[in-house]
Protein chains: 2
Amino acid sequence: MSGEFNFIEIIRNRARHNRGILQGIGDDAAVISSRPKYNLVITTDLLIEDIDFKRDWISPKHLGHKALAVSLSDLAAMGAKPKWVLISLGLPENIWHSNFKHRFYSGFLSLANQHRVALIGGDISRTPNQIIIDSIALGETPHGRAILRSGAQPNDHIFVTGTLGGAARGLHLLQKGERVSTKRKRLKAHEELLLRHLKPDPRIDWALMLCKKQLATSMIDISDGLSSDLMHICSESYVGATIEASKIPIDPNIKTSEDALSLALNGGEDYELLFTVSSKNIRKIPKLLNGIPATYIGNITNKTKVISIIKDGRKRRLAPSGFKHF
Amino acid sequence: MSGEFNFIEIIRNRARHNRGILQGIGDDAAVISSRPKYNLVITTDLLIEDIDFKRDWISPKHLGHKALAVSLSDLAAMGAKPKWVLISLGLPENIWHSNFKHRFYSGFLSLANQHRVALIGGDISRTPNQIIIDSIALGETPHGRAILRSGAQPNDHIFVTGTLGGAARGLHLLQKGERVSTKRKRLKAHEELLLRHLKPDPRIDWALMLCKKQLATSMIDISDGLSSDLMHICSESYVGATIEASKIPIDPNIKTSEDALSLALNGGEDYELLFTVSSKNIRKIPKLLNGIPATYIGNITNKTKVISIIKDGRKRRLAPSGFKHF
């Protein structure tokens, strides 16, 4: 079995050398040249086995994909173009000596190459039991153009990309013992739900369009859940929001179930984008971008940190009830 | 007890807002503005409880210091000026509900403030058992001036800062049950050794001077051990090296012990800088910089990946025998 330095050498040779990299993998640190008149955007996401995922639920390849996807989703939430990534990987000794690391990097690098993101560094450590992943992604926006959580204004319209609630139902199905079959060509509804949880797609096309055309006043990705993530925007922008239950784009695979609305509001891990648009720009928001819709779900109000939801003609207060670690 | 979002708010208010930060803690990602004509240098270091440290050996404050110090040492090894840091922290639930996190950040931010490094982001997760830390540090060098491992040339002189072997002896003492007393004002020799392991000082002053005056042809920090880290330079530079045992600056607190040379060669975690200087520049290397010496220990040769050590007039081959995770 190869030692850590041999393995680093293999990965090093598979990492793309482009994108202003002066020194990639293989030194004490990576050296990059970012463009003048651009800002650097950087995020880090920790995934811990048995907390954020179970080894039995997710294939190493999907885990590699997801580890990068959640960080790319954070960059998308800023409107940033992803360019570079580092990954810290902690593995128990028996996992190190399996083919896990090759399959993990296969999923990771496949998503990286799809978006022309270069792997420039990272760290490898042994752990006593759990697989630990920290994915660090860097991107760029034109100077001063990052889309923050803090820019929402009263009367802005609230939009969400894609559909919501599917990832949370996928998690329930995994907990019940359902698994992805790799054999079938056409996915069944429940497999689509599993993949919503296991293999999220960061909404990079939407992010880059919104940043380029300066259409979003604020943006966040839905990782904790719509109710919680909308509250993050309201807190940072000192505003409130009113949304309409009937407008929320619930995942079609869960639409008929009783808890569909609750999953869409509080489920989390959908990795869709939630963004606000001033009324003068709403007609510039396309219905679809590369097959992914954006849906108007409500408006920003001046009631600081108060979110209301209208359902069946009744308005009630919506508490943030998404995922919390502590 | 405070939830994670409350705690993030506390840390956010203690992070320094300077150094070209457009968005620090509190959004999906951090946004920074790096200077034109400078390169960005970035590194990440994973510390895993029971592998890299024991909770019983190191105080939360020292752990916070060390988590940042190891990353700053990587930046120093590139000649980079440290400017920004992100930290991912995984904590078991009982540790989250203790005062660990406050003491950890106290040590972390104390070192950060000493070097005017701004905390701009990170992640927090629950873990089943272990404390997990990933420290991500960013710095700058003037364009094209990062000091790589790959620049050593035959006949270059090899230097090392500070002294070696102390951290490895400190680790032995910790394993034997020795602990740091916080009461005494003057440290005893064994406590100095413990602190060499627990509270390393990154050699930032040396790094910045060497980069500014363009004196080092290659550089690495000694984290795995002199024999291993010198081999990293030799591998990346396609050169060899001959060092003299009598010139190696062994930690004065271990000098008289039998295994002193072996600790200095293979012990690791000293976080001193190992660098090479072309013969025309060796007179420009000061004996001391802010109290920290640099010592000439040997020369680079043209024998690719062959390191020899001269001891008592005899020359033998030196194998890299430092720390490996796998």
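Descriptive notes on the structure:
- Relative contact order (percent, whole number), segment A:1-127, Cα cutoff 8 Å, 6+ residue spacing: 33
- Taking B:TYR296, A:TYR271 and ordering them by how much accessible surface each has at a 1.4 Å probe, largest first, produces B:TYR296, A:TYR271.
- Cα-based equivalent ellipsoid, segment B:156-211: semi-axes from gyration tensor eigenvalues, Å: 27, 14, 8
- When the P(r) is computed for segment A:224-296, the part past 15 Å accounts for 61% of the Cα-Cα pairs.
- Loop chymotrypsin sites (Phe, Trp or Tyr not before Pro), segment B:2-90, which have at most 11 other Cβ atoms in a 10 Å radius of their Cβ (DSSP): none
- Cα pair count fraction exceeding 27 Å, expressed as % - chain A: 46
- For the cross-link pairs A:LYS101/A:LYS188; B:LYS66/B:LYS303; A:LYS188/A:LYS284; A:LYS54/A:LYS83, the ones whose C-alpha atoms lie over 32 Å apart are B:LYS66/B:LYS303; A:LYS188/A:LYS284.
- Enclosed volume per residue, in Å³, of the convex hull spanned by Cα atoms of the protein assembly as shown: 155
- Cβ charges +1 (Lys, Arg) and -1 (Asp, Glu), total dipole of segment B:163-259, debye: 700
- Using a probe radius of 1.4 angstrom, the carbon and sulfur fraction of the accessible surface of segment B:202-301 is 49%.
- Paired Rg and Dmax values of segment B:269-326, which use every Cα atom, in angstrom: 14.4, 41
- 0 to 90° range, to nearest 10: angle between helix A:100-114 axis and chain A longest Cα axis: 50
- Measuring spread by the Cα atoms of segment A:204-326 yields a radius of gyration and Dmax of 14.2, 41 Å.
- When the Cα convex hull of segment B:35-132 is projected onto planes of every orientation, the mean area is 6.5 nm².
- Using the Cβ-Cβ distance between B:ASN281 and A:HIS143 with R0 = 41 Å, the FRET efficiency computed as 1/(1 + (r/R0)^6) comes to roughly 0.60.
- Kirkwood-Stokes translational diffusion coefficient of segment B:91-165, alpha-carbon pairs, 25 °C, 0.890 mPa s, µm²/s: 147
- In this Cβ point-charge picture (+1 for Lys and Arg, -1 for Asp and Glu), the protein assembly as shown has a dipole of about 1440 debye about its Cα centre.
- In plain terms, if you count all Cα to Cα distances in segment A:52-105 and split them into 10 Å steps from zero, the share in each step is 20, 49, 24, 7 percent.
- Stokes-Einstein diffusion of segment B:131-261 at 4 °C, 1.567 mPa s viscosity, Kirkwood radius from Cα pairs, rounded to a whole number: 76 µm²/s.
- Per residue of peptide B:115-128, the mean number of Cβ atoms on other chains within 10 Å of the residue Cβ is 4.
- Pairs from B:LYS213/B:LYS247; B:LYS213/B:LYS280; B:LYS81/B:LYS287 whose Cα-Cα separation, in the structure shown, is over 20 Å: B:LYS213/B:LYS247; B:LYS81/B:LYS287
- Summed buried accessible area for B+A [probe radius 1.4 Å, Å², rounded to 100]: 5400
- Using the Cβ-Cβ distance between A:GLU93 and A:ASP312 with R0 set to 56 Å, the FRET efficiency works out to roughly 0.50.
- Taken over segment A:14-82, the ratio of Cα radius of gyration to 2.2 N^0.38 Å equals 1.37.
- Residues in the protein assembly as shown average 41 Å² of solvent-accessible surface per residue, probe 1.4 Å, ligands and nucleic acids excluded.
- Residue-level accessible surface for B:SER59, protein heavy atoms, 1.4 Å, Å²: 40
- Rough spin-label spacing in nm, given labels placed 7 Å along Cα→Cβ, for B:GLU192 and A:ARG103: 5.3
- Among beta bridges that DSSP assigns inside the protein assembly as shown, antiparallel share in %, nearest 5: 75
The values are calculated or read from the model by the stated rules, or taken from the named source; none is laboratory data. No experiment lies behind these values; they were computed from the predicted model shown. Cβ: placed from backbone, ideal geometry, glycine included. Neighbour counts: every protein chain shown. Calculation scope for accessible area: heavy atoms of the full protein, side chains included, ligands and nucleic acids excluded. Shrake-Rupley method; radii C 1.70, N 1.55, O 1.52, S 1.80 Å.
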